[in-house]
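I have placed the structure first, in the form of structure tokens, so that the comments after it can refer back to it.
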Amino acid sequence: MCQMMKFLLTFLTMLNLFYFSSISTTLAANIEEGEKIFNANCAACHAGGNNVIMPSKTLKIEDLDSYGMSNITAITTQVTNGKNAMPSFQGRLNSEEIDNVANYVLSQSKAGWGDED
């Protein structure tokens, strides 16, 4: 009985390691896809995290924080539904693409958009 428990524990540990290591790879791929989607659909107005239509409402973390937009749910909602001058991307992008671009935007805002000012 003790050998069986050791085997089961070892098996579950290895399964856990495999599962969590594959998650980080998936997230990196999502960010890369998000960057492509951003460049194709968003960069015309938001290059470098800026906003050419409403310059005070950038995608920089300080502005996102001040407007309650510094989380994936809020960014996803904004991209999906649009707001004010920003159009809705529902119908143009699928939910996975919207999630990827939201993750890219949040990661770049936290990283300072390459400190492009």
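The values are calculated or read from the model by the stated rules, or taken from the named source; none is laboratory data. In this text, all values refer to a predicted model and were calculated from it rather than measured experimentally. Cβ coordinates were reconstructed from backbone atoms using ideal geometry, including for glycine residues, and neighbour counts include every protein chain displayed.
Would you pick out the residues in segment 68-91 that are loosely packed, with under 12 Cβ neighbours inside 10 Å and assigned to a loop (DSSP other than H, G, I, E, B)?
The answer is Gly68, Asn84, Ala85, Gly91.
Considering only segment 34-46, state which residues are loosely packed, with under 15 Cβ neighbours inside 10 Å and either within 13 Å of Ala85 (Cβ to Cβ) or hydrophobic (A, V, I, L, M, F, W, C) (or both).
Ala40, Ala43, Ala44 - these are the residues of segment 34-46 that are loosely packed, with under 15 Cβ neighbours inside 10 Å and either within 13 Å of Ala85 (Cβ to Cβ) or hydrophobic (A, V, I, L, M, F, W, C) (or both).
Ser56 versus (1) at negative phi; (2) modelled with pLDDT of 95 or more: which is the lone unmet condition?
Going through the list (1) at negative phi; (2) modelled with pLDDT of 95 or more, Ser56 breaks only (2).
Scan segment 62-85 for residues that are touching a residue at least 12 places away in the same chain (Cβ under 8 Å) and of a type in the set (A, V, I, L, M) and jot them down.
Leu64, Ile72, Ile75, Val79, Ala85
Cβ-Cβ below 8 Å, separation at least six or inter-chain, first residue in segment 34-53 and more than 13 Å from Ala102 (Cα to Cα), second among the small types (Gly, Ala, Ser) and modelled with pLDDT under 95: which pairs?
Sorted first by the residue in segment 34-53, then by its partner, the pairs are Gly48/Gly114; Ile53/Ala85.
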